[in-house]
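Working notes, beginning with the structure itself.
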Amino acid sequence: MTDPAPAIELQGISKSFGPVQANKDISLRVMPGTIHGIIGENGAGKSTLMSILYGFYAADKGDIWIKGEKRQIPDSQAAIKAGIGMVFQHFKLVQNFTVLENVILGAEDGGLLRPSLAKARGVLKSLAEEYELSVDPDMQVQHLSVGHQQRVEILKALYRQADILILDEPTGVLTPAEADHLFRILDNLRAEGKTIILITHKLREIMEITDTVSVMRRGEMTATVKTAQTTPEELAELMVGRKVLLRVDKAPAQPKGAALEVRNLRHVDTSGVERLRGVSFDLHAGEVLGIAGVAGNGQSELLEVLGGYADATGSVTLNGSALPLSGAGCDGMARRAAGIGHVPEDRQSEGLIMPYSAWENSVFGYHRDPMWQSGLLMKNAAIREDAAGKMERFDVRPPNPDLAAKNFSGGNQQKIVLAREIERNPDVLLIGQPTRGVDIGAIEFIHQQIVRLRDAGKAILLVSVELDEIFALSDRIGVMFDGRLMGIRDAAEADQRELGLLMAGVGEDEGQDPMAAAEAAERERERREATHG
Amino acid sequence: MDYSTLLQVLDSTMRLATPLLLACLAGLFSERAGVIDIGLEGKMLIAAFFSAAIAAATGSVWLGLLAGLVSSTLLSFVHGLASITFRGNQLISGVAINFLAAGLTVLIAQDWFGQGGRTPSLIGSGRWENITLPLAETLRPVPVLGPLYADLISGHSLLVYVGLVMVPVTWWVLFRTRFGLRLRAVGEAPEAVDTAGVSVTGLRYAAVGICGLLCGLAGSYLATGLQAGFVKDMTAGRGYIALAALIFAKWRPWSALGACLLFGLLQAVALRYQNIDLGGITIPVQVMDALPYILTVVILAGFVGKAIPPRAGGEPYVKER
Amino acid sequence: MDKLPPWADAVLVPLISLLLAAALSALVILGIGENPVEAFRLMVEGALLRSAGWGYTLYYATNFIFTGLAVSVAFHARLFNIGGEGQATLGGLGVAIVCLYLPWPHWTLAMLGASVAAALFGAAWAFIPAYLQAKRGSHIVITTIMFNFIAAALLNYLLVNVMKPAGQQDPATDIFPAATHLPTFQDMFATEANPLFRGAPGNVTFFLAIAACMAIWALIWRTRLGYEIRALGHSESAARYAGISPVKTIVVAMLISGGLAGLMGVNTAMGEAERLVMNATEGAGFIGIAVALMGRNHPVGVFLAAILFGFLYQGGAELALWTNIPRELIVVIQALVILFTGALDNAVRMPLARVFAMRRKPAE
Amino acid sequence: AIADPALIYDLGGKFDKSFNEAAFNGAQRWAEETGGSYRDIELQSEAQREQALRRFAEAGFNPVITTGFSMSTPIANVAGDYPDTKFVTIDGYVDPEEYPNVKSISFAEEQGSYLVGMLAAMASETGTVSFVGGMDIPLIRAFACGYAQGAKAVNEDIEVIANMTGTTPAAWNDPVKGSELTNAQISQGSDVVFAAAGGTGIGVLQTAADEDILSIGVDSNQNHLHPGQVLTSMLKRVDVATYEAMQAGEDLDTGTERLTLEDNGVGYALDENNEELITEEMKTAVDEARQQIIDGEIEVHDYRSDDSCPAISF
Ligand SMILES: Nc1ncnc2c1ncn2[C@@H]1O[C@H](COP(=O)(O)OP(=O)(O)OP(=O)(O)O)[C@@H](O)[C@H]1O
Ligand SMILES: Nc1ncnc2c1ncn2[C@@H]1O[C@H](COP(=O)(O)OP(=O)(O)OP(=O)(O)O)[C@@H](O)[C@H]1O
Ligand SMILES: [Mg+2]
Ligand SMILES: [Mg+2]
């Protein structure tokens, strides 16, 4: 018996976006009826490769075989015809359309909508039963939870009778319970003989569900292995190109008094959803308090409120004096003047003005400081000179203060932000996702800087979705779930499993079955979203 | 105001609302597809000119209409080229198109007719005739409803009825057909349309094309229905009022009808009365002239319900940065 | 898309766009049976080869500098101010009120007072759209268009019903008192022996416009306000992070923008007509868009583009005077310039980028 | 030597079928008869007025003839700079003491309007006639006032409706509004409408023809626009004024001049297009009145003399 033809075979795929080569001569084989994982650092080119397979981007070079047949896939229509469905990292749904409308869009039968809608309603019903994919067909997508929106995306693909399904980082936005549900669905699909490509950053998921796994690094495919024959350590090494040791050498913390006292912080966002629901904690001078949690559970809002650019109620005192939480005197500049530095989660859309030169960015947020003013004008020459110094101390490459921020690589952009915030010697430093999309060399440098600041007696609030990073840097660890701080543990005593439960919303005291609690939490969330929609 | 005066005012409301309505629906198609169009004015103007010019030259209002449709659609495709193919700034393109039309019409008119930027007056079959609906005269004696039917509903030119019919047609196309679904989707989330395997570019060009055709109707009506010939700048800001009506209507066809009738009524009243005396307070005619614009600002300010435009409006669809 | 070197983006792209617009305009002229070379010669002769021609060219350019700066300041904050027309109208109104109803001992003081009034009135007219954009997200393009129409209606009302002297047929104010008349270029530079700038409306306001260019340059690139305006224009989320208030910055940028547009009133009402007439702006608010686009939102670029458009305007008037080419030809040229520099710029940039990419490759 | 005149039309434009076109016709006649040539320009904007005057004067054109009252101020601004050039303002007024090289020509519009008012009253079957004016200025009120006086002279009980199109120069070029006003007047019973509204009048005459009532044109002979449906036209001999100014050339007498019925400066039009409409009886009555006015037996009140009108209120 010969092997069946691979469901997908890519050969020599290359793709550039302007100067960036996102994919370099990539080849890949995926056998039918299997789940194939793809891992790689940010920007490694995973999404690009899959988008090419789905006809969203056109490859510069390379060939594609589907089920043994060579195919041209110039657009998504061709991919759909070839039986490929894709769930994008960023969903491609029409927010103010109903589920049904989203499902039939592009796959209507005939010029009139009515028959298509009727047919789709029936098909959705049977798909829902078959794969645990139930979702209200008449609900507008914007009122659905993220997990349900993802189901709509999967339904879209299945409705088009895809038997090759690509999922791009599907669990990044899901709660653990939702993620488990998704994996059950994927299991079912595999059992039906469908082929699945799963992109993820989480080695745990790869080990749990995939049959084979490919690793990408810097636009290249570095390896493809059978999951059963590899280990997370090996995959991590393949991913970054050298042994990973996510451990920082640091002395025990010498915490002093509370620098920042946060009490009962509440924040409601523009669409009326309460994002912070009574957060309280103390942040001591000389310690790193790490905040862990699945993205979207209020960590970003916590940073924004403390950083002064989101309104809140409750109280925050800095070294004994209360900070305004709304209105005049509550903005980023005032917080900086009061001694709170802030390295934002997203350096490109918050921390930097991308077209500004490095020297202009080096005072961003401090540009009204009297030391940079002479009369009405800014002391540009002095700022530039100062920036050159900072860049040298933080090993920014190239050390050219006149280069626009957008022309630095991600890691160097992060260093520019860190230099700006750290060199002001703030009493409190807020740091969000300090190493997101930053390579391993830069990570080590950044971690050293954070520890150095801690040892200098400053208070550091670290928010990160990378548990490893939290463990590596924190002296104490808090977990946020659904706008609440679920509990703070000493880093030395905390264990990963327990934090994982807290991240799913299961408190230690409740003693509940974790699964049930997670589902209850999800129900609660849906109820909230329905009422706020 | 007695009944017959009221009918008179409403009758002229109908006439004045028609070009607004056609242009408003034109804008609706374009903006629902995510292409903002402040060039409605220019397209109407060029259609007005070419339909009058060709009608004057051939004596056929139908050939005039054809010329109006073609010219307006061509200009629409210039906008499409700028905003869809070359991902240019849609607002700037619209401004440019308004200028282009304002200049070209006079330039060509002067070259062809030598009458200082106007066309010769249209006579006979060069203009739309008013259509008398069946039984209009027979029913006239019926109290209240008779004159209403005979004076207000009957007796307009074909394009007025076309304008009215376009409202349900637009609604039906947008909300009951595959094309409409895709068109609305492309204005909200072009990436969703693209990944569903439908061409964003194709849809947007189709919408821009329809926009051109409807503007063509609007311009033709101005020059060969409402008036008998083209004069320089004869659209006189109607394109902008149509845009205002579109916002007022929150991009919905039936509301567009309402908004255009309201603005038509304002114009009709302003045309007929210099100043309006409201028991001691005199409202100057300039206030009536400015009222559509003031109302639009009030609507935009969100004091009377929020106008949420199609999400992808004004943004070129860029896949690869 | 491949990237262009900055110098090519700032110089080559507008230049090629301009050439394309010029070529199409030449075709249009050919189309109406005239000779484009001859037309161009007439324009140059009428606008640049006589001192009076310069007097007109610079008069128009003064208007366009103000409106061009107005558009560009707003552009830096990512605001598209199409309301220059209305703001300039109101600026003219401010000038008229100050000149007519206040006693001025000397033109210098009058000019100062009128400039302040013009800027205040123009800024006030920009304030509501700015506030609505900042606070309620009302699309500033639409609101400023609406405010243009409202300004026209307001001026119409005031001229006809309030400010027109009794017995006068024109809807215009009285002539301003002689003490407010600004020196024209003729007053400044003509001598008995050398009668320069005879009768041309170019006047001392041109120097105010140059001063405005320098002030705006300093504002945008040298002050913290300019730093904040540009930062907000590039990224609102970053501005919020840094503690730059979007509401305040939008409003301030629009007030400056409206004030600049309003200043145009000093040139038209005080410098030229010496009274306020209807529709004195003559579309200069819109031309400001083309000027800002061509000038890449830099005061030096705006200045040069304004001179170019001043030339087009004056040359166009000359064409209308001496040939059968209607003045609307200028409107067409202006439209083509806006189209090519503002909306179809990628049609130039894309192929150009490919050319540069090709030239770069072998070098690597 | 044949003169080298220039002609500047007001914003309504050369081919407004009315006021400016009359000037054009006069200039054409002069050119054909003398073989001379003239230069003309249609203004597009306010700022152009002075510029055109100056450029023509500088280029040696003489006289420089302008139409429309809006040219008064610009001529006053310019005339002093070019003392050797003669300027003519038709419908405008420039102080002859201060500017001796300017000629201001005005017309006795009230007299011509009186005659067409009589014709309107005689042709009306409903006993209601109407008037659509362009911009609401004393000049146009003088038309309306003369018209109403003439109509009332024929039929004391006649209803005269008068509407103005607007208060700005845009009112000269708004045929849509002209048409709407005509419709409104028809609904109030009018069956003869007199348009003194420049380009706006085209809409008035069009609507009158469409709705099958009679109209009266203005300035030029507009009878041919809708043959058999335009009762007559109130002639204001701008063409004659233009012709004569060109004929006089550089030797033009300056100062002020008022053209009346007596000089045939105003009148009414009778040609093959309206001969069916004007009966012998009507013609006799009007011609008689014409003579009486010339002889001073009938005094037609000029609105401009005291800003009031005995026959109609505005
Ligand atoms: N549309 C685009 N235009 C330009 N550059 C792009 C585009 N999409 C991706 N890139 C660039 O291509 C490279 C690969 O990006 P890609 O999104 O494929 O990475 P990824 O592996 O999916 O990363 P992540 O884990 O962050 O999703 C990056 O440098 C990215 O900036
Ligand atoms: N848009 C751009 N224009 C010019 N140069 C760029 C641009 N983007 C990136 N570069 C340059 O290309 C180089 C590679 O950038 P890239 O973002 O791929 O770095 P990287 O390898 O991911 O580094 P890091 O780990 O620091 O993110 C950098 O040195 C940067 O200066
Ligand atoms: Mg990705
Ligand atoms: Mg990187």
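The values are calculated or read from the model by the stated rules, or taken from the named source; none is laboratory data. Bear in mind that the values here come from a model prediction, so they are computed numbers and not experimental data. Cβ placement follows ideal geometry from the backbone for every residue including glycine, while neighbour counts extend to all protein chains displayed. The area values use the complete protein model at the heavy-atom level, side chains included, leaving out ligands, DNA and RNA. Shrake-Rupley method; radii C 1.70, N 1.55, O 1.52, S 1.80 Å.
Here are the numbers:
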| item | result |
| --- | --- |
| Interface size A-C, as summed buried accessible area [1.4 Å probe, Å², nearest 100] | 2200 |
| Net charge dipole size for chain D [Lys, Arg +1 and Asp, Glu -1 on Cβ; Debye, nearest 20] | 760 |
| Phi-based couplings in Hz for region D:29-37 (Karplus 6.51, -1.76, 1.60; Gly and Pro marked x) | 4, 4, 5, 5, 6, 9, x, x, 9 |
| Stretchable slack from C:V11 to C:T223, in nm (0.36 nm times residue separation minus alpha-carbon distance) | 73.7 nm |
| Peptide B:11-18, shielding by other chains (average Cβ, 10 Å cutoff) | 2 |
| Kirkwood-based shape ratio for the protein assembly as shown, expressed as Rg/Rh from alpha carbons | 1.03 |
| Estimated buried accessible area (total), pair B and C, 1.4 Å, Å² to nearest 100 | 3700 |
| Within straight-line cross-link reach of D:K283, lysines at Cα separation under 16 Å, skipping those fewer than 8 residues along the same chain | none |
| Dipole-positive endmost among A:V152, A:A179, A:L167 within region A:98-180 (Cβ charges, Cα centre) | A:V152 |
| Helix A:440-455 vs. chain A, principal-axis angle (Cα, 0 to 90°, nearest 10) | 30 |
| Degrees between helix D:138-154 axis and first principal axis of chain D (Cα, 0 to 90, nearest 10) | 30 |
| A:R29/A:N188 FRET efficiency (R0 30 Å; Cβ-Cβ; nearest 0.05) | 0.80 |
| Amide H contacts under 5 Å for A:I197, placed H, 5+ residues apart | A:H36, A:L165, A:I166, A:L167 |
| Separation in nanometres of the label points that stand 7 Å from Cα toward Cβ, at C:T323 and B:I294 | 4.6 |
| Packing rank of C:212-219, C:84-91, D:246-253, where each peptide gets the mean count of other beta carbons within 10 Å, highest leading | C:84-91, C:212-219, D:246-253 |
| Residue mean of other protein chain beta carbons inside 10 Å, C:223-230 | 4 |
| Fraction of the pair-distance distribution of region C:273-364 above 20 Å, Cα-Cα pairs, percent | 52 |
| Three semi-axes of the equivalent ellipsoid, region A:8-240, Cα gyration tensor, whole Å, largest first | 29, 21, 16 |
| Region C:198-325: C-alpha gyration tensor shape, a/c 1.5 cut-off, then a/b vs b/c | prolate |
| Chain A, Rg to Rh (Cα coordinates; Rh as Kirkwood inverse mean 1/r) | 0.99 |
| When each of A:K202/A:K226; B:K250/B:K319; A:K24/A:K81; D:K17/D:K152 is checked by Cα-Cα distance, pairs over 20 Å | B:K250/B:K319; A:K24/A:K81; D:K17/D:K152 |
| Accessible surface of chain A, 1.4 Å probe, proportion on carbon and sulfur as whole % | 49 |
| 5 angstrom amide H check on B:I283, placed H, neighbours 5+ away | B:I276, B:D277, B:L278 |
| Charge dipole (debye, nearest 20) of region A:8-240; +1 at Cβ of Lys and Arg, -1 at Cβ of Asp and Glu | 540 |
| Helical contribution to [θ] at 222 nm, DSSP H n ≥ 4, -39,500 (n - 2.57), averaged over the protein assembly as shown, rounded to 500 | -16000 deg cm²/dmol |
| Three-way shape label, region A:301-389, alpha-carbon gyration tensor, a/c 1.5 | prolate |
| Relative compactness, chain D, computed as alpha-carbon Rg over 2.2 N^0.38 Å | 0.97 |
| Mean Cβ count within 10 Å, highest first, over the residues of peptides D:285-292, A:146-153 | A:146-153, D:285-292 |
| Sequence ranges B:114-125, B:163-174, ranked by mean other-Cβ count within 10 angstrom, highest first | B:114-125, B:163-174 |
| Selected from D:A311, D:T256, D:L277, residue furthest toward positive end of dipole (region D:198-314; charges at beta carbon) | D:A311 |
| Number of partner chain Cβ atoms within 10 Å, mean per residue of A:102-108 | 6 |
| In Hz, Karplus ³J(HN,Hα) per residue of region A:103-111 (6.51, -1.76, 1.60; θ = phi - 60°; x = Gly, Pro) | 5, 7, 3, x, 10, 6, 9, x, x |
| Quarter of Cα convex hull surface for region B:207-299, i.e. mean projection, nm² | 7.3 |
| Residues whose placed amide H lies under 5 Å from that of A:D109, excluding near-sequence neighbours | A:S116 |
| Rh by Kirkwood over Cα pairs, then Stokes-Einstein D for region B:78-155 at 1.002 mPa s and 20 °C, µm²/s | 127 |
